[in-house]
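S.K.: Dumping the structure here so I can ask a few things about it.
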Amino acid sequence: MVRVLVVHEEELLRSALVQLLRSDDALEVSSMSPRADVPDHDVLPTDVCVVDGECLHGPGEARDASFRARCGDRLVVLTTLRRPGVLRRAFEGGALGLVDKNAPAQRLITAVHTVAKGERFLDAALSVALLEGAVMPLTARELSVLSLAAQGSPMPEIAARLHLSRGTVRNYMATAIRKVGARNRVDAIRIVQNAGWT
């Protein structure tokens, strides 16, 4: 038996994934919310974690600690072509399995069995998106400026928080807008968020 833990933010989708995986008699499936704080004595051994890419923030993040501690790199991450940043974070975080959310149900089951053996599973449909996600056009500083702007911080506050001059912040913002092909700051924030780079 392969012991599988499903981690998804939304209860309905988490339950649907559990039922799908339970259709394979070789899988023993449990589930949890990514925000669940499960005491160590209640933790069941797990061979593979199936995680929604939107729940995955990267190694070392507190929210990821409980299921990463249980599965290590034996993660099967569900994501889409439209979110190359999420795909990149999952891959760089050591996930062995990457499955397109639009794939047939059997592909997820195949990915779980492949990852349980310690082998990598990359959904062919995600290969190009993974390459696109690897070429994120913004520098860390440009991304920081856009992220703070997305939280509603005005330029003076962004400058103070990043220990930069206001002119430097404006330059970073203008460069970020140009690099992502946006019309303005709001459009740049939308593009970056939709790609999953923040």
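S.K.: Would you confirm whether or not the range 82-101 contains a residue that is among the β-branched types (V, I, T), modelled with pLDDT of 80 or more, assigned to a strand (DSSP E or B) and in contact with an Asp or Glu (Cβ under 7 Å, 6 or more places away or on another chain)?
M.R.: Yes, the range 82-101 contains at least one residue that is among the β-branched types (V, I, T), modelled with pLDDT of 80 or more, assigned to a strand (DSSP E or B) and in contact with an Asp or Glu (Cβ under 7 Å, 6 or more places away or on another chain).
S.K.: Next question. Residue by residue through the range 155-198, note down the ones that are among the hydroxyl-bearing types (S, T, Y) and farther than 12 Å from L143 by Cα.
M.R.: Initial filter on the range 155-198 (among the hydroxyl-bearing types (S, T, Y)): 165, 168, 172, 175, 198.
Hits for the range 155-198 are S165, T168.
S.K.: While we're on this one: Within the set of pairs 6+ apart or on separate chains, which have a first residue in the range 170-198 that is within 22 Å of P156 (Cβ to Cβ) and of a type in the set (A, V, I, L, M), a second that is open to solvent by 80 Å² or more (accessible area, probe 1.4 Å) and part of a loop (DSSP other than H, G, I, E, B), and C-beta atoms under 9 Å apart?
M.R.: Going by the 9 Å Cβ cut-off, the qualifying pairs are I177/R183.
S.K.: Which residue out of L98, L143, L122 is open to solvent by 50 Å² or more (accessible area, probe 1.4 Å), hydrophobic (A, V, I, L, M, F, W, C) and either in contact (Cβ under 8 Å) with a residue 12 or more places away in the chain or over 30 Å from I177 (Cβ atoms) (or both)?
M.R.: Going through L98, L143, L122 in turn, the sole match is L122.
S.K.: Go through the range 158-168 and give me each residue that's closer than 25 Å to G196 by Cβ and open to solvent by 60 Å² or more (accessible area, probe 1.4 Å).
M.R.: R161
S.K.: Please specify each residue of the range 75-95 satisfying the condition of being surrounded by fewer than 23 Cβ atoms within 10 Å (Cβ to Cβ) and more than 15 Å from V128 (Cβ to Cβ).
M.R.: Hits for the range 75-95 are R89, E92, G93, G94.
S.K.: Next question, about the same structure. Out of all the residues in the range 1-26, which are outside any helix (DSSP H, G or I), of a type outside the set (D, E), under 21 Å from N102 (Cβ atoms) and open to solvent by 30 Å² or more (accessible area, probe 1.4 Å)?
M.R.: Correct list: S23 only.
S.K.: Would you mind stating whether G181 is open to solvent by less than 20 Å² (accessible area, probe 1.4 Å), on the phi > 0 side of the Ramachandran plot and under 24 Å from the mean Cα position of the chain (by Cα)?
M.R.: The answer is no for G181.
The values are calculated or read from the model by the stated rules, or taken from the named source; none is laboratory data. Treat the numbers as computed from the prediction; the structure is a model and nothing was measured. Methodologically, a virtual Cβ is constructed for each residue, glycine included, from the backbone with ideal geometry; neighbour enumeration extends over all protein chains shown. Heads up: the accessible areas ignore ligands, DNA and RNA and are worked out on the full protein's heavy atoms, side chains in. Shrake-Rupley method; radii C 1.70, N 1.55, O 1.52, S 1.80 Å.
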